[in-house]
Amino acid sequence: MTVRHHIEECRQSNATSRTVIDVRSQSLSKEFGLVVRQKREELKLSQEAFAYQCGVHRTYMTHIERGTKMPSILVVAKIANGLNIEVSDLFLALERGGFKAAQVMNEAEFDPIR
């Protein structure tokens, strides 16, 4: 096997793996995005003004609220600060909405990367 062939196989393998991870984490991303959107709307802030207040690019905030991107814990802290709440309040809102950590753990059992 040539080096070029090996690199191509790795790229294809990684692309497939990323797709699986994105699909499996989609429900958490969407739920988190809904929480952020609801909290922002309670403050009567536009998405653009809110993103600026959080120190996050407006298009990234759009992805977060739509659930197409999962923010890092640093960005979650910025969002919480922009909402004038604690990080834990965001996670409590997820739990109140019916999301359970066991859902993520159960999905990890089927992760082909392990």
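The values are calculated or read from the model by the stated rules, or taken from the named source; none is laboratory data. Small disclaimer: the values here were computed from a predicted structure and weren't measured. When we count neighbours, we look across all protein chains shown, and the Cβ atoms used for this are built from the backbone with ideal geometry, even at glycine.
Identify, please: which residue in the range 39-50 is touching a residue at least 12 places away in the same chain (Cβ under 8 Å) and either touching a strand residue (DSSP E or B) at 6+ places or on another chain (Cβ under 8 Å) or under 24 Å from S27 (Cβ atoms) (or both) and is, among those, surrounded by the fewest Cβ atoms within 10 Å (Cβ to Cβ)?
Here the residue is Q47.
Can you confirm whether the range 4-12 contains a residue that is touching a helix residue (DSSP H, G or I) at 6+ places or on another chain (Cβ under 8 Å), at pLDDT below 95 and not polar (S, T, N, Q)? Talk me through it step by step, then tell me what you get.
Our first condition is that a residue be touching a helix residue (DSSP H, G or I) at 6+ places or on another chain (Cβ under 8 Å); within the range 4-12, this holds for none.
No.
Just the residues that are assigned to a loop (DSSP other than H, G, I, E, B), modelled with pLDDT under 95 and exposed (fewer than 14 other Cβ atoms within 10 Å of the Cβ), please, taken from the range 59-97.
T68, G97
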